[in-house]
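Participant: One structure is given below, represented as structure tokens, and several questions about it will come after.
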Amino acid sequence: MKPTPCRLALTPLLLLAACDRGGSAGPMLVSGNGQFRVLHIAEAQWKGDRGRTEMESALERLPRIDLVYAHNDPMGRGAYEACKQKGRAGIKFVGIDALPQEGRKFVADGVLDASIEYPTCGAAAVDLALLALHKIALPKQLILGTRVFTKANPAGEPIAGPGDVMLAALRGEQAAVLQQPPPAGGKWKIGMAQCTNDEPWRGAMNADIAARAKEYPHVELVLQSADDDTEKQRTLVRQFIETGCHAILLSPKESNALVAPCKEAMAKGIPVIVIDRKLGSDDFTCFVGGDNLAIGKAAGEEIKRLLPDGGNIVEIQGLMTTSPAQERHQGFVDELQLARPK
Amino acid sequence: MTLPAWLRPAPVRALLALAAVLLLGCIANAGGAFFHAATHFGLLDAVGSAGILAIGQCLVILGGGIDLSVGSVLAFSGMAFAGLMLEGGWVWPLAAAAAIAAGTACGLLNGVLVARARIQPFLATLATMVIARGLARWLPELAGKDANSKFLPVEVSGPQAWQWLAGKSWLGLPNTGLLFLLVAAAATLFVKRTVAGRHLLAVGGNEEAARLAGIAVVRTKLLAYGLCGACSGLAAVCWVARDVQGNPAAGAMFELDAIAAVVIGGTSLQGGRGGIGLAVIGLFTLAYIDKVLSLNAVPDHWRLVVRGVIILAAVLLQERRR
């Protein structure tokens with residue numbers, strides 16, 4: 001097809017159909033009592049710079065914004081920078097993840113009003129592996145809670161999940177077991193197959209695992225990354241089995257692809273602790289992870305506290321094809337009882 | 001069916017695509033937001049780094065090559081800039097110079113691989129892309145931190161120099177945007193008014209003929225890739241200031257945006273035909289699509305579709321009837 005001016009003129013019209021939202025600033029979501037209005041929802045794919053450009057557009061379009069809810073802290077900070085650049089004050093910011101060098105620092109610096117922690121579960125995973133090595137019965141699944149970091153509470157206000165209670169009980173009852181070296185002497189060798197080191201949150205998980213392992217003189221940790229490659233992660237797990245690791249920690253890149261090597265490990269009596277992302281079968285000892293839905297709800301609760309009389313909200317989303325972004329959105333929607341306006 | 005005569009010159013066609021997007025913005029104006037000057041100044045600010053990258057890319061494409069490494073080189077140079085300033089305590093002009101030098105070195109490596117070792121540009125720069133990304137992720141280790149970690153400033157909005165660069169000064173215009181326009185003007189002069197620029201077009205148009213005409217092909221290609229690397233280094237400095245951090249994951253897929261901007265403007269991927277001005281128009285076309293979609297809070301899945309359709313429409317517009 002050759003482009004004629006006529007055909008070309010059609011293109012913008014077609015696009016208009018996709019773009020047209022009436023141009024007005026009507027809310028995209030509104031709470032049951034009408035107090036909370038989400039006026040702008042933009043996907044920034046977890047990236048701080050995208051958060052900034054999306055926020056710029058929101059500021060250009062909307063005369064009054066009271067609060068920004070960002071699915072992670074860097075996007076929240078990007079939104080903060082946009083407001084600062086455009087000279088718009090009085091807007092509050094809530095982010096998620098609360099990594100020590102990012103969210104917690106942003107809260108301390110006054111950039112974010114609150115950051116909700118997404119637990120790395122690193123320390124818990126090491127403890128669970130040690131308990132499993134001593135044949136202590138573990139629950140199949142431990143869902144940890146979160147902490148809300150605010151300027152008033154820089155140490156974080158804990159919101160316990162069901163797994164925190166079980167974990168605390170296990171740690172209390174089995175405190176002596178955790179300190180025991182292998183019966184045959186030497187050290188417990190624990191392998192950790194991280195899916196990628198590319199994301200700061202994964203780096204924080206690695207640091208937490210390494211720090212916990214260091215607290216036990218009788219633990220030797222082998223920490224390796226699969227560099228975002230499923231096949232490499234399968235190889236890593238098998239390598240841990242062959243090199244005589246006593247226990248394996250695993251944060252799978254893909255749930256089903258990692259089933260086979262985990263099955264092999266379990267068949268040899270090597271406990272497998274799965275972190276954060278689920279495995280596609282029952283071939284593991286214990287799963288430990290956070291709950292993004294609960295975190296979204298905690299964010300919603302914090303938003304209610306920051307805006308007691310309600311207000312206009314901008315939501316900056318992570319990559320919406322991923323479950324963390326979907327759940328962080330859903331928890332927020334549930335807590336504020338948001339729905340499309342009629 | 002032929003195009004009408006007035007539609008034939010490349011700049012007219014490039015501007016027509018931009019005009020179509022601007023028209024779209026005027027219709028879907030998000031309650032008048034599209035008519036505010038601040039919206040357009042904001043866009044100029046956001047587009048700065050990407051623009052400088054596109055200019056470097058345009059030089060390489062004009063010379064008949066392609067550079068897939070610009071995004072990774074941006075990450076590497078940016079990490080060098082942020083690391084030297086935040087961890088090394090260097091003053092900003094030195095750190096910026098080092099970042100541009102790092103970018104230039106990567107560009108020259110591309111040039112050597114393509115011109116001397118005669119590796120296909122696509123493959124040579126693909127290799128550099130991977131290497132530069134690896135180096136960007138390793139740099140924090142050199143500074144005594146964990147590999148892959150970010151360089152985060154102590155101050156909320158970064159050192160003074162970053163704030164200045166990411167801010168606005170003259171007439172409320174953004175500094176990064178002005179820098180981009182300055183680089184664009186310099187590159188236009190280079191291509192149109194200098195002997196080396198003419199040689200670049202000749203090499204891109206027909207390498208064999210250029211060689212027979214006595215043009216130093218190897219040196220010309222080295223220059224193009226070197227300048228592209230320098231642009232990546234400069235873009236990195238702007239990017240770090242705007243992003244307020246050195247991020248080893250920065251710049252992913254930027255190479256595709258840079259190539260898209262060049263092609264949408266009407267520069268031929270075969271080399272030799274096109275120009276910097278066209279790339280600038282192409283860049284603004286892409287940036288305005290994003291702006292209009294973002295102002296109207298269009299969901300991301302539709303943005304992808306719309307973006308693709310506009311790229312296709314613009315490329316169709318560029319198709320020459322032979």
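What follows is calculated from the coordinates using simple rules that are stated; it is not laboratory data. All figures in this text were calculated on a predicted structure; none of them were measured in a lab. Quick reminder, even Gly has a Cβ in these numbers, built from the backbone with ideal geometry, and neighbours come from all protein chains shown.
Participant: Among the complete DSSP H segments of chain B, which ones combine at least 24 Å of alpha-carbon extent along their axis with a mean Kyte-Doolittle hydropathy of 0.5 or more?
Facilitator: Correct list, ordered by number: B:10-27, B:37-62, B:92-111, B:121-142, B:175-193, B:217-243, B:276-295, B:300-318.
Participant: If you don't mind, there's one more thing I want to ask. Charges only on Cβ, +1 for Lys and Arg, -1 for Asp and Glu: so what's the dipole of the stretch A:238-313 about the Cα centre, in debye to the nearest 20?
Facilitator: Value, rounded to 20: 80 debye.
Participant: Might you report the magnitude of the Cβ-based charge dipole of the stretch B:45-250 about its Cα centre, with Lys and Arg at +1 and Asp and Glu at -1, to the nearest 20 debye?
Facilitator: 560 debye
Participant: Taking the Cα atoms of the stretch B:45-250 alone, what are Rg (to one decimal) and Dmax (as a whole number) in Å?
Facilitator: Here Rg and the maximum Cα pair distance are 17.4, 58 Å.
Participant: Cα centroid distance between the stretch B:243-305 and the stretch B:32-62, in Å?
Facilitator: Each part reduced to its Cα centre gives a spacing of 9 Å.
Participant: Jot down the per residue volume, in cubic angstrom and as a whole number, of the convex hull over the alpha-carbon atoms of the stretch A:128-196.
Facilitator: 147 Å³
Participant: Take the Cβ-Cβ distance between B:ALA101 and A:ALA168 as r, set R0 to 60 Å, and report the resulting FRET efficiency rounded to the nearest 0.05.
Facilitator: The computed FRET efficiency comes out at 0.65.
Participant: Taking the Cβ of B:VAL70 as the centre, find all other residues whose Cβ is under 10 Å away and add up their charges (Lys, Arg: +1; Asp, Glu: -1).
Facilitator: That works out to -3.
Participant: Can you give me the Rg/Rh ratio for chain A, using Cα atoms for both radii and the Kirkwood formula for Rh?
Facilitator: The Rg/Rh ratio comes out at 1.06.
Participant: If you don't mind, there's one more thing I want to ask. Only bridges with both residues in chain A count here: give the DSSP antiparallel percent, nearest 5.
Facilitator: Counting only bridges with both partners in chain A, antiparallel ones make up about 20 percent.
Participant: In addition: Report the normalised scattering of the stretch A:255-300 as log10 I(q)/I(0) at q = 0.31 Å⁻¹, calculated by the Debye formula with identical scatterers on the alpha carbons.
Facilitator: Those come out to -1.09, one per q.
Participant: Counting only pairs 8 or more residues apart or on different chains, how many lysine pairs in the stretch A:163-316 have their Cα atoms under 16 Å apart?
Facilitator: Value for the stretch A:163-316: 6.
Participant: Another question, if that's okay. What is the pair-distance distribution P(r) of the protein assembly as shown, computed from all Cα-Cα distances in 10 Å bins starting at 0, with each bin given as a whole percent?
Facilitator: With a bin width of 10 Å, the distribution comes to 3, 15, 22, 24, 19, 11, 5, 1, 0.
Participant: Taking loop as defined by DSSP and a crowding limit of 15 other beta carbons within 10 Å, which GluC sites (Glu not before Pro) in the stretch A:67-117 fit?
Facilitator: Sites meeting the loop and neighbour criteria: none at all.
Participant: Report the Cα centroid-to-centroid distance between the stretch B:159-225 and the stretch A:267-322 in angstrom, as an integer.
Facilitator: Their Cα centres are 47 Å away from one another.
Participant: Something else about it: Once both axes come from the Cα atoms, what is the angle between helix A:200-215 and the longest principal axis of chain A, in degrees from 0 to 90, rounded to 10?
Facilitator: 30 degrees
Participant: Additional query: Just counting partner chain Cβ atoms within 10 Å, what average do the residues of peptide B:286-298 show around their Cβ?
Facilitator: The shielding value for this peptide is 6.
Participant: With r as the distance between the Cβ atoms of A:GLU199 and A:GLN330 and R0 = 22 Å, compute the FRET efficiency 1/(1 + (r/R0)^6) and round to 0.05.
Facilitator: 0.50
Participant: Which Cα, out of B:ILE215, B:ALA96, B:LEU62, lies furthest along the positive dipole direction of the stretch B:45-250 (beta carbon charges, K/R +1, D/E -1)?
Facilitator: Ranked along the dipole, the leading option is B:ILE215.
Participant: Calculate the dipole size of the stretch B:168-255 relative to its Cα centre from +1 charges on Lys and Arg beta carbons and -1 charges on Asp and Glu beta carbons; express the result in debye to the nearest 20.
Facilitator: Once rounded to the nearest 20, the dipole reads 300 debye.
Participant: Right, next: What residues qualify as long-range amide H neighbours of A:GLN141, i.e. H under 5 Å apart, gap of 5 or more or another chain, H built at 1.01 Å from N?
Facilitator: A:PHE287
Participant: While we're looking at this one, here's another question. At R0 = 56 Å, how high is the FRET efficiency between B:LEU304 and A:ALA175 if r is their beta carbon distance? Nearest 0.05 is fine.
Facilitator: Rounded to the nearest 0.05, the efficiency is 0.60.
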